[in-house]
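Shown next, in structure tokens, is the structure this report addresses.
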Amino acid sequence: MSSSPGFVVLPTISENSRLHLSCKATSDDKVVRLDRRDVLLGLTAVGAAVTTSNIGLAMAADAGGQCAAMPIKAEDLQCASVNGFQCPGLYNPQDIVDFSSLPRPKGLPRVRKAAHLLDAAYVGKFEEAVRRMKALPHDDPRSFKRQADIHEAYCANHYKVVPAGGGPKTVFDVHHSSIFAPWHRMYLYFFEGILGDLIGDPTFGLPYWNWDTPEGMMMPSKFANESSPLYDAKRNPRRVRAVIDLNLSPGSKDGLPTCTDDHVCLIDNNLYTLYRQMIVETPKQFYGGKFYNVELDDEGKQNHKVTGSLENGAHNSAHIWLGDPCQKNQDMGDLSTAARDPIFYSNHSNVDRMWHIYITKLGGGFLPYKEWLDTSFVFYDAQKRPVRITVSDVLDVGKLGYMFEESGKLPWIGKRPKPAANIQRHHGLKGTQTNSSYPMTLKKGEPQYLRLERLEKSRAGGGSSKKAPEALVVDVTIDPCKYVKFDVLVNVPKGQEKKVGPQNSEFAGSFTQVPHGGGLEMKTRMVSYQFALRELLEDLKCGKDNQLDITLVLVEGDKVLIDDARIEVL
Ligand code: C2O
């Protein structure tokens, strides 16, 4: 196995990783197409030992119900130091320790508090820890710079999956997939442990930016203090002292078009937006799907990854809010630079909290797929040991030894959107020319109108009372280096799109992308998003309809290629 400056390839591929799964080649509704390259990827992920006769065994049903590859192992990942970037994580394979074999640190739990409510003493601790981290030499794996590099490497296309046995390589990125939630939890866990260690406080918890409560919707003021180590000059200056717009309305400074300058309305819309993100039908909608078949650099054929609502929602909005993607020098607005801004970690502490709330308060579940649970990464801990940690190690924050101190109620839980009062609700596009040929190009100012068939089993009316939850699935191809946002509306008449916002049932949600510039070249990215329909159709009283009228509105971005849109059972 080679180990050269800039990357390390570890030699061991665990034998059992190729045998424990089998792929279901059909799902409820359709035969899943097995792309030859999916098959190759599935095979090569587990090394040379697998031959074409093992195809059936080497595949696995992934979060999207389709066939995906094996768990990611640190062994299969290779980091490329390109475009002036130096890869972090040059550990010696023999030194890796398993997280599960480490003794539980003493003095737990770590307590994560709402950042806007910290007392001066806690702010002092937080600042001192970050100050010390920033003062460490660059090549210390605990240094702030190296920590930020980890995110850049995993998020800006520096990693490739390089199958030990040869075969196609894929660019690997933890976003737009079900690896988003666990990977960031791992990353934060070690980051937080290093901070606590640097100030000798094992109870130190990473404060969270509590954007899901009205009092927490501005960036916490400590981060805006120029003399603080929490400060970053590369932020959108108009927005550091403004109430966040989680819906990222066009041109909004601190107001929405439908909100004018009214903060009450803006706060309200933020809560509706959070409701849509958090109250989902199934775990796979929350987490997203495929994480392995990211992108092929040899053969050109790609696969759609599926983004989860946890990532796509307020998380992306907070990135875009503080970093205008059109201004190249604002850290949060691009995933390659985002982790250079200390607010990044508090944004993710809240994302992590939202995941915890989804499990503990909303009765959400995990993905049952073994390739998800067994996926592992290696991070340096506070003792500078490379630690291997798996997704199954991080499902329970109690077991990890930290907790969230809640600041109050969760005001978004009751914010179920309501039908718009001022539009004709049903059969919105009657008489409108609808498009049905894919791919179609979505441009600003030119909405696409679609009429989609529903599936019999999810319609109300006859048959069994338990209806299968359905989603509108939209597959897109976008430029990974560009900011994109489009909204999806249901049964809204042509020309009335502007009358509908996140407060309305007709507003199924938005798809957003935070740009990921920097690493290995990728010209396009193929992603899907699942918009839940059940509650919305109930509220619009069109649960029995055979067809739905869908309007896609590009809010930001040059253009988006819509590869397909369909209604599926979740
Ligand atoms: Cu890895 Cu908020 O992104």
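Remarks
Conditions (1) more than 22 Å from T273 (Cα to Cα); (2) touching a His at 6+ places or on another chain (Cβ under 7 Å); (3) among the charged types (D, E, K, R); (4) not assigned by TED's automatic domain parsing to the domain that holds G288, marked per residue:
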residue	(1), (2), (3), (4)
Q530	no, no, no, yes
L533	no, no, no, yes
E538	no, no, yes, yes
N546	yes, no, no, yes
V553	no, no, no, yes
K559	yes, no, yes, yes
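- The residues on offer are A114, A148, and the sole one that is in contact with a helix residue (DSSP H, G or I) (Cβ under 8 Å, 6 or more places away or on another chain), more than 16 Å from the ligand (Cβ to nearest atom) and not polar (S, T, N, Q) is A114.
- Contacts under 6 angstrom Cβ, first residue in the range 340-363 being small (G, A, S), partner more than 11 Å from the ligand (Cβ to nearest atom), 6 or more apart: S346/A115; S346/P207; S346/Y208; S346/W209; S349/R112; S349/L206; S349/Y208
- Within the range 101-119, restricting attention to residues that are aliphatic (A, V, I, L, M) and outside any helix (DSSP H, G or I), the residue that is surrounded by the most Cβ atoms within 10 Å (Cβ to Cβ) is A114.
- Scan of the range 514-570 for residues that are among the aliphatic types (A, V, I, L, M) and surrounded by fewer than 17 Cβ atoms within 10 Å (Cβ to Cβ), ordered by number: L561
- Tally of residues being in contact with a Lys or Arg (Cβ under 8 Å, 6 or more places away or on another chain) and assigned to a strand (DSSP E or B) across the range 357-404: 7
- Of all the criteria given as (1) away from the ligand (no atom under 11 Å from the Cβ); (2) assigned to a helix (DSSP H, G or I); (3) touching a Phe, Trp or Tyr at 6+ places or on another chain (Cβ under 8 Å), the one not satisfied by M354 is (3).
- Restricting Y154, Y122, Y187, Y208 to residues that are assigned by TED's automatic domain parsing to the domain that holds L90, surrounded by fewer than 19 Cβ atoms within 10 Å (Cβ to Cβ) and either of a type in the set (S, T, Y) or within 16 Å of the ligand (Cβ to nearest atom) (or both) narrows the list to Y122.
- Residues of the range 319-351 that turn out to be at pLDDT 95 or above and outside any helix (DSSP H, G or I), as a count: 2
- For the range 134-158, the set of residues classified as more than 27 Å from the chain's Cα centre (by Cα) and not in a helix (DSSP H, G or I) consists of L136, P137, H138, D139, D140, listed by residue number.
- Filtering the range 300-330 to residues that are over 20 Å from Y529 (Cα atoms) and crowded, with 24+ Cβ neighbours inside 10 Å leaves W321, L322, G323, Q330.
- Residue satisfying all of: in the range 334-364; of a type in the set (G, A, S) and out of contact with any helix residue (DSSP H, G or I) (no Cβ under 6 Å at 6 or more places or on another chain); nearest to F144 (Cα to Cα) among these: S349
- Strands (runs of 3 or more DSSP E) enclosed by the range 451-570 - at least 3 residues per element that are farther than 22 Å from H304 by Cα and within 16 Å of the ligand (Cβ to nearest atom): none
- The range 313-332, residues that are under 15 Å from the mean Cα position of the chain (by Cα) and more than 11 Å from the ligand (Cβ to nearest atom): G313
- When the range 415-444 is filtered for residues that are without any contact (Cβ under 8 Å) to a residue 12 or more places away in the chain and either in contact with a Cys (Cβ under 7 Å, 6 or more places away or on another chain) or not hydroxyl-bearing (S, T, Y) (or both), the ones remaining, listed by number, are A421, G431.
- Being touching a residue at least 60 places away in the same chain (Cβ under 8 Å), in a loop (DSSP other than H, G, I, E, B), surrounded by 17 or more Cβ atoms within 10 Å (Cβ to Cβ) and within 16 Å of the ligand (Cβ to nearest atom) is true of H175.
The values are calculated or read from the model by the stated rules, or taken from the named source; none is laboratory data. Keep in mind it's a predicted model, so treat the numbers as computed, not measured. Note: ideal-geometry Cβ built from the backbone for every residue, glycine included; neighbour counts use all protein chains shown.
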